[in-house]
Structures are given as C-alpha cells and as structure tokens.
Amino acid sequence: MIDLHTHSTVSDGTGTPAEVMAEAAAAGLTTVALTDHDGTGGWAEAAEAAVAHGLTLVRGVELSTRHRGMSVHLLGYLVDPDHPDLVAEMALTRDDRWPRLRKMAELMEADGLGVTWDDVLEQVGDADAPGRPHIADALVARGVAVDRGEAFDRWLHNRSPYYVRHHTTGTADAIRLVRAAGGVPVLAHPFAVKRGTALLEDDVRELAEAGLVGIEVDHRDNGSTGRELAARLADELGLVPTGSSDYHGDGKENRLGENTTTPEALAAIVAAATGRIGLVGPDSTP
Ligand code: AMP
Ligand code: FE
Ligand code: ZN
Ligand code: FE
C-alpha cells in the first residue's frame with residue numbers, strides 16, 4: 001500500500017515526522033511520502049523512523065504555487081533539498097507565511113473573534129511553515145470552532161474577508177524548478193474546487209508542456225468528476241496518475257491509505273527523478 005501525500009508538524013500536520021511514520025506502518029502502508037508545505041525540514045527524522053519501521057519513504061515537498069490567480073499545490077518528489085534556487089524559493093514562501101498569518105490573526109482579533117496572534121503562535125509550535133490550519137486550531141482551542149473544517153468553512157476559506165495571501169511561485173516556474181532540482185513534479189488535488197483550485201483542462205495541458213510528470217487522481221478533494229477528468233488527462237498527456245490521502249493527522253478527516261498509488265506509478269516517478277535523492281528503506285534498491 002503506497003500513500004504519497006502526508007504532512008507533519010513541520011508544516012500543518014499534527015504529528016511529528018516520526019509519529020507519521022509510526023502511524024503509516026500501523027495503518028499497513030508499505031511506502032509513504034512525507035510532503036510538508038514549502039520545506040524539507042522533516043526529512044531526516046522521517047527517514048530514521050521509516051527505517052526503524054521497515055517502511056519505504058519517498059522524500060517530498062508540497063510547493064505553494066499559483067496559476068492564473070488560482071492557488072495550486074505542486075508535489076515535488078525526490079528533489080535535491082540543497083538545490084540553491086529551490087532552497088531560496090521555499091524560504092521566500094515560508095518567510096512570507098509569518099507576516100501573512102499574523103495579519104489574518106489580527107484582522108480576526110479586531111473583529112472580536114476571540115483569537116489572538118499569541119494563540120496562533122502556540123498552535124504553530126516549531127513548525128517551519130505556519131499556515132491557516134494553525135489559526136483553525138487556535139479557534140478550536142478557544143471553543144470558537146469545533147474543528148478545522150468548520151473554521152475553514154466559516155472564516156479561513158480563500159474568499160473570506162480575513163484571507164491574506166502569501167508569496168507563491170508561478171506553477172510552471174515551480175515545475176521547472178522541481179525538475180532542475182532533479183525531482184518529479186506532480187499536481188496535487190487539481191480539481192479541489194472548495195480550496196479555490198479549479199484548473200481547466202487547458203491549464204493542465206499547459207503545465208504538462210512545462211514539464212509536469214504526474215497528477216493526483218485519487219484525492220478526496222477532487223470529487224468524482226474531478227477524478228474522472230484527472231484520469232482522462234493523465235491518459236491523454238502521459239502523466240503518471242497517483243492516489244493519496246493528504247494526511248494531516250488529527251486536524252482533518254483524511255486517513256492514511258484512504259487513497260493509494262500503484263507500484264507501477266511509483267516506479268515511473270522514481271524513474272523520472274534525475275538527482276541524487278532516492279527512496280529510503282526496503283525498496284530503495286531496485
Ligand atoms: P495555507 O497554506 O496557510 O494557505 O493553508 C492551506 C492549508 O489549509 C492546506 O494545505 C490544508 O491543509 C488546509 N485546508 C484548506 N482547506 C481546508 C478545509 N476546508 N478544511 C481543513 N483544512 C483545509
Ligand atoms: Fe496542508
Ligand atoms: Zn495541498
Ligand atoms: Fe497536502
């Protein structure tokens with residue numbers, strides 16, 4: 001069982017990288033990817049834990065990008081974590097997440113929602129990439145929302161008056177950057193309409209031209225029509241189809257292994273990587 005999209009406390013998941021690996025093993029996964037937002041800070045801990053649990057780890061990242069004004073998440077598997085341009089671009093996004101989140105918290109506090117920047121900081125803990133889910137957790141801790149889902153539906157969605165953008169990379173540029181770093185770019189939840197990502201077929205064709213390698217077909221946020229469309233585009237454009245949970249720990253309903261990727265698709269991803277980063281664990285040698 002292969003699940004190629006998970007988050008830890010290094011970004012907006014609720015489990016540490018080691019905990020995510022332990023949970024992945026307990027859930028019966030054989031292979032799991034750690035794909036925190038805009039950084040690779042969880043890789044070392046995840047690798048050590050994966051080895052301890054006999055799991056195969058795919059080291060990855062999920063970049064915050066934009067295409068025609070839409071928020072688009074781009075998974076980058078097996079990238080060189082020291083590639084200077086990639087390092088610089090991820091740092092730019094992470095650095096901009098702080099003032100942006102603070103601005104959102106202040107707007108909410110000013111409106112009397114009962115959440116302060118200090119509350120949010122407490123939820124952020126030592127995350128490298130703080131995000132809206134940490135504001136959601138602060139609202140839950142204050143008893144203002146029951147869970148992250150309610151907090152997003154009411155106050156944190158992309159069209160909310162409290163929404164503030166952070167730096168993002170153009171999606172085509174991010175695709176080229178991932179490839180320059182030896183990695184494999186895969187479009188995450190391309191038809192997650194609720195998140196403000198509703199790419200058109202031609203957008204995906206354009207991104208394929210830019211060097212996209214794969215597309216997340218089986219993801220709960222794609223919905224059934226989105227899955228069909230993604231599968232058809234994968235066929236048409238020769239993109240590798242993946243399926244993943246986008247596990248964030250306790251913060252979201254997504255369960256490890258709720259969607260999975262075939263061994264053939266993983267093999268195609270590994271074959272498309274051109275850098276020094278390979279798999280960690282039992283399947284690391286062909
Ligand atoms: P940010 O990167 O700070 O803009 O926050 C985006 C993150 O919020 C995503 O990566 C998801 O983890 C989370 N998210 C987005 N929409 C929802 C939702 N409706 N419910 C729960 N979490 C969400
Ligand atoms: Fe997230
Ligand atoms: Zn995402
Ligand atoms: Fe994700």
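Is it the case that some residue within segment 152-170 is in contact with a Leu (Cβ under 6 Å, 6 or more places away or on another chain), over 18 Å from PRO190 (Cβ atoms) and of a type in the set (A, V, I, L, M)?
no
Could you look through segment 182-192, keep only residues that are more than 14 Å from ligand 1 (Cβ to nearest atom) and touching a strand residue (DSSP E or B) at 6+ places or on another chain (Cβ under 7 Å), and pick out the one that is nearest to ALA267 (Cα to Cα)?
VAL184
Condition (residue is within 17 Å of the chain's Cα centre (by Cα) and aromatic (Phe, Trp, Tyr)) applied to segment 162-172: is it met by at least one residue?
No: segment 162-172 contains no residue that is within 17 Å of the chain's Cα centre (by Cα) and aromatic (Phe, Trp, Tyr).
Quick check on VAL270: is it in a helix (DSSP H, G or I), β-branched (Val, Ile, Thr) and either on the phi < 0 side of the Ramachandran plot or within 16 Å of ligand 3 (Cβ to nearest atom) (or both)?
Values: in a helix (DSSP H, G or I): yes; β-branched (Val, Ile, Thr): yes; either on the phi < 0 side of the Ramachandran plot or within 16 Å of ligand 3 (Cβ to nearest atom) (or both): yes.
Yes.
Can you tell me which residue is surrounded by the most Cβ atoms within 10 Å (Cβ to Cβ) among those in segment 238-251 that are under 25 Å from VAL204 (Cβ atoms) and away from ligand 3 (no atom under 11 Å from the Cβ)?
Per the criteria, the residue is THR242.
Quick grid of which residues meet (1) touching a His at 6+ places or on another chain (Cβ under 9 Å); (2) charged (D, E, K, R); (3) surrounded by fewer than 23 Cβ atoms within 10 Å (Cβ to Cβ):
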residue: HIS37; (1), (2), (3): yes, no, no
residue: ALA46; (1), (2), (3): no, no, no
residue: ALA52; (1), (2), (3): no, no, yes
residue: THR56; (1), (2), (3): no, no, yes
residue: HIS83; (1), (2), (3): no, no, yes
residue: MET108; (1), (2), (3): no, no, no
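Please state which of the following conditions LYS194 fails to meet, knowing it meets all the rest: (1) among the basic types (Lys, Arg); (2) modelled with pLDDT of 95 or more; (3) in a helix (DSSP H, G or I); (4) farther than 20 Å from ALA234 by Cβ.
It is condition (2) that LYS194 fails.
Taking into account only those residues within segment 234-280 that are of a type in the set (S, T, N, Q) and more than 16 Å from ligand 4 (Cβ to nearest atom), which is farthest from LEU29 (Cα to Cα)? It would help to see each step written out before you state the result.
Going residue by residue through segment 234-280, those that are of a type in the set (S, T, N, Q) are 242, 244-245, 254, 259-262, 274.
Checking the rest, the ones that are also more than 16 Å from ligand 4 (Cβ to nearest atom) come to 262, 274.
On the way: THR262: 12, THR274: 26 Å.
By that ranking, first place goes to THR274.
Being under 20 Å from SER71 (Cβ atoms) and either within 11 Å of ligand 2 (Cβ to nearest atom) or outside any helix (DSSP H, G or I) (or both) is the filter here; which residues of segment 116-140 pass it?
Those that are under 20 Å from SER71 (Cβ atoms) and either within 11 Å of ligand 2 (Cβ to nearest atom) or outside any helix (DSSP H, G or I) (or both): ALA127, ASP128, ALA129, PRO130, GLY131, ARG132, PRO133, HIS134, ALA136.
Do you know which residues across segment 135-161 are crowded, with 19+ Cβ neighbours inside 10 Å and either under 25 Å from LEU74 (Cα atoms) or modelled with pLDDT under 95 (or both)?
ILE135, ALA136, ASP137, ARG148, ALA151, PHE152, TRP155, LEU156, listed by residue number.
The values are calculated or read from the model by the stated rules, or taken from the named source; none is laboratory data. Note that the structure is predicted; figures quoted are calculated from it, not measured. For neighbour counting, all protein chains shown are included, and Cβ atoms are generated from backbone atoms with ideal geometry for every residue, glycine included.
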